[in-house]
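The values are calculated or read from the model by the stated rules, or taken from the named source; none is laboratory data. Bear in mind that the values here come from a model prediction, so they are computed numbers and not experimental data. For neighbour counting, all protein chains shown are included, and Cβ atoms are generated from backbone atoms with ideal geometry for every residue, glycine included. We work out accessible area using only protein heavy atoms, side chains counted, and drop any ligands, DNA or RNA first. Shrake-Rupley method; radii C 1.70, N 1.55, O 1.52, S 1.80 Å.
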Amino acid sequence: MAAEGGGKEMNEIKTQFTTREGVYKLLTHSEYSRPNRVPFNSQGSNPVKVSFVNVNDQSGNGDRICFNVGRELYFYIYKGVRKAADLSKPIDKRIYKGTQPTCHDFNPLTATAESVSLLVGFSAGQVQLIDPIKKETSKLFNEERLIDKSRVTCVRWVPGSESLFLVAHSSGSMYLYNVENTCGTTAPHYQLLKQGENYAVHTCKSKSARNPSLRWTVGEGALNEFAFSPDGKFLACASQDGFLRVFGFDAVELHGTMKSYFGGLLCVCWSPDGRYIVAGGEDDLVTVWSFSDCRVIARGHGHKSWVSVVAFDHCTTSVEDGDLPAEFSGSDEDFHEQIHFGTGRDRANSSHSRLSKRNSTDSRPVSVTYRFGSVGQDTQLCLWDLTEDILFPHLPLSRTRTHTNVMSATGPPATGQTTATTTTSTTTTVSTTTTNPSGSNGKDNVSNSSSSGNPANSLPSTLPRSNSLPHSTTTTTTTTKGNSIMDSAFIATGVSKFATLSLHDSRKERHEKDHKRNHSMGHISSKSSDKLNQLSSTRTAKADAAKTLGTTLCPRMDEVPLLEPLVCKKIAHERLTVLIFLEDCLVTACQEGFVCTWARPGKVVSDRPPEDTVM
């Protein structure tokens, strides 16, 4: 997609941004790309993806990076905040004919300086196991496409296993493979193992062990991404039908579900402690879902197009210093007194499961702060803070909170309204109050849901004040039951053009069509079968939205806190497809094929003057 605006567009690209920790800086001398650095023509191609592995090299330079660009796959030494490796000398480079790499994943358990196991999924449905250090191709799975003919959307090694891996397809199916088994010369036959609402799990019927051992059919349309919980016991799936489904992996049982505001879900990730899941997609939102309560606890709006990647920052996520209990069970209220971050469950090989403890810059302890990020097809990077006033809205705030301004390349966001709703049998009364920044007792705005007459499946009627959009001056509005003043206010004020509740609104339909025409190249395959699946899933999603809107599956916009991004920056010309947090930097990649390193505050090796200052 060509850049619009010429020089003006160039000036909008940011090379650094500031948070409470300090300044993050783009290291242009550490950029990875194709050897000739020529931008890739991304029209109709699969998204650029990046995978990392550490091979425990004694030289202290053990990180390795793999990324795909079009039909090409590259494997380099990754030097982080230091200068990039010589791009003309990749450790391994592969060019594929007739198919394109779509995703890949290293096995951290088997990685050594002499050998790594890398799984690569392809647009035609095959999965290849390669060793880019030895430059070998070990095995090819689904070679004859007898198992599934659709594009591979996500591939992951099963945590803690040296041989098991899981593969998702745009058909909506997932398959469990074992590298020790073959795929057979005939199409597999399946026997039902377990089924539930909109999912089924089948075992492969065979006299001898063969792949796949299990087939999961999840939702309607493509299964866009899945993610294992930090302890490997649960599996979160984001589907084109707009549903997040969380399964117990070994028991193959459904733990809980969540529905997007509209459109498909494209990405999903777990908090480092496994207590929260963040998902993003075609509703331009990031949605925070509580694993223990199985409910949406917050939404974040900062993107202007589809959210393509969400990820937690394990280094910036923090807890109050003190002894952590060995076990935790109970409600979020108990959790406020007894914070547990997966003690005893962390895998020795997973640095992402460990949390760093620190204090905020105002010298006051942060009780709970989760940091996560998102990138989207609007070329913007957003960083978000999830704090205790959102996680525990029923408890008084323990300290004064200061509001962090949104730093946006396109100007300040429009102001919306956050409301407290009291439902009666005939009318809905919505009141908005002026924000009180003094950190007074949060009970001032809290009303009992049972006394207000809320249905059993609805969420608490009051929202935390901090971290949500600013309140307007006090007003009172009355509307008929079943309509949402908050959603209408979003449309009227321009905070959220998508936040309409009418499924038959022609303006909304035109908006969705423009969305898909302008921003869907990275997610819509050229195969006609994928297009038909997406059309079918769109119809299903609209029907589901009519049933779920206003329930715990999909609360209305005024029923949960709306987060503002801590940072919102345009950092690329092309849509962003990668966001990975590492110890000393974060890594992004765009569809042009450029993989960029952003040094964390204080981690810049070079003392060069900053290239761009954004305040």
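Quick one: in the stretch 572-591, which of the residues that are open to solvent by 20 Å² or more (accessible area, probe 1.4 Å) and either touching a Lys or Arg at 6+ places or on another chain (Cβ under 7 Å) or of a type in the set (D, E) (or both) is nearest to E225 (Cα to Cα)? Among those residues, the one meeting the criterion is E583.
Considering the stretch 194-219, the residues that are of a type in the set (K, R) and in contact with a Phe, Trp or Tyr (Cβ under 9 Å, 6 or more places away or on another chain) include one that is farthest from L140 (Cα to Cα), namely K205. Looking across the stretch 243-270 at every residue that is assigned to a loop (DSSP other than H, G, I, E, B) and either surrounded by fewer than 24 Cβ atoms within 10 Å (Cβ to Cβ) or among the aliphatic types (A, V, I, L, M) (or both), the one that is modelled with the highest pLDDT is identified as F249.
Looking across the stretch 284-295 at every residue that is touching a residue at least 40 places away in the same chain (Cβ under 8 Å) and surrounded by fewer than 24 Cβ atoms within 10 Å (Cβ to Cβ), the one that is nearest to V578 (Cα to Cα) is identified as W289. For the stretch 215-242, the tally of residues that are surrounded by 18 or more Cβ atoms within 10 Å (Cβ to Cβ) and in a strand (DSSP E or B) stands at 15.
When the stretch 65-91 is filtered for residues that are part of a strand (DSSP E or B) and in contact (Cβ under 8 Å) with a residue 60 or more places away in the chain, the ones remaining, listed by number, are I65, C66, F67, V69. If the condition is being within 24 Å of R151 (Cα to Cα), open to solvent by 50 Å² or more (accessible area, probe 1.4 Å) and of a type in the set (K, R), then the stretch 74-104 contributes K93, K97.
Screening G125 against (1) open to solvent by 10 Å² or more (accessible area, probe 1.4 Å); (2) in a loop (DSSP other than H, G, I, E, B); (3) not hydrophobic (A, V, I, L, M, F, W, C) leaves a single unmet condition, (1). Inclusion of S59 among residues that are free of Cβ contacts under 8 Å to residues at least 24 places away in the same chain, over 29 Å from the mean Cα position of the chain (by Cα) and open to solvent by less than 50 Å² (accessible area, probe 1.4 Å) is not warranted. Per this entry, V201 is counted among residues that are among the aliphatic types (A, V, I, L, M), closer than 24 Å to V246 by Cα and part of a strand (DSSP E or B).
Listed here are the residues, each with its yes/no results for (1) assigned to a loop (DSSP other than H, G, I, E, B); (2) more than 28 Å from the chain's Cα centre (by Cα); (3) modelled with pLDDT under 95; (4) crowded, with 20+ Cβ neighbours inside 10 Å.
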residue: L146; (1), (2), (3), (4): yes, yes, no, no
residue: S150; (1), (2), (3), (4): yes, no, no, yes
residue: C154; (1), (2), (3), (4): no, no, no, yes
residue: F165; (1), (2), (3), (4): no, no, no, yes
residue: A168; (1), (2), (3), (4): no, no, no, yes
residue: Y177; (1), (2), (3), (4): no, no, no, yes
residue: T185; (1), (2), (3), (4): yes, yes, yes, no
residue: Y190; (1), (2), (3), (4): no, yes, no, no
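I'm trying to understand the selection: among the residues of the stretch 26-45, which are open to solvent by 20 Å² or more (accessible area, probe 1.4 Å) and either under 13 Å from A84 (Cβ atoms) or in contact with a Lys or Arg (Cβ under 9 Å, 6 or more places away or on another chain) (or both)?
The answer is L26, T28, H29, E31, R34, P35, R37, F40.
Of all residue pairs spaced 6 or more apart or on separate chains, those with beta-carbon atoms under 9 Å, a first member in the stretch 123-152 that is without any contact (Cβ under 8 Å) to a residue 12 or more places away in the chain and a second member that is of a type in the set (D, E) are T137/D131. A single member of A209, A200, A168 is closer than 26 Å to G264 by Cβ and in contact (Cβ under 8 Å) with a residue 24 or more places away in the chain, and it is A168. Contact map, the stretch 103-115: first residue outside any loop (DSSP other than H, G, I, E, B), second residue open to solvent by 40 Å² or more (accessible area, probe 1.4 Å), Cβ cut-off under 7 Å, separation 6 or more or different chains; pairs are C103/K49; H104/K49; D105/R156. Just wondering, is there one or more residues in the stretch 10-20 that are open to solvent by 20 Å² or more (accessible area, probe 1.4 Å), modelled with pLDDT of 90 or more and assigned to a strand (DSSP E or B)? Looking through the stretch 10-20, at least one residue is open to solvent by 20 Å² or more (accessible area, probe 1.4 Å), modelled with pLDDT of 90 or more and assigned to a strand (DSSP E or B). Taking the stretch 537-565 on its own, how many of its residues are touching a Cys at 6+ places or on another chain (Cβ under 9 Å) and at pLDDT 95 or above? Count: 1.
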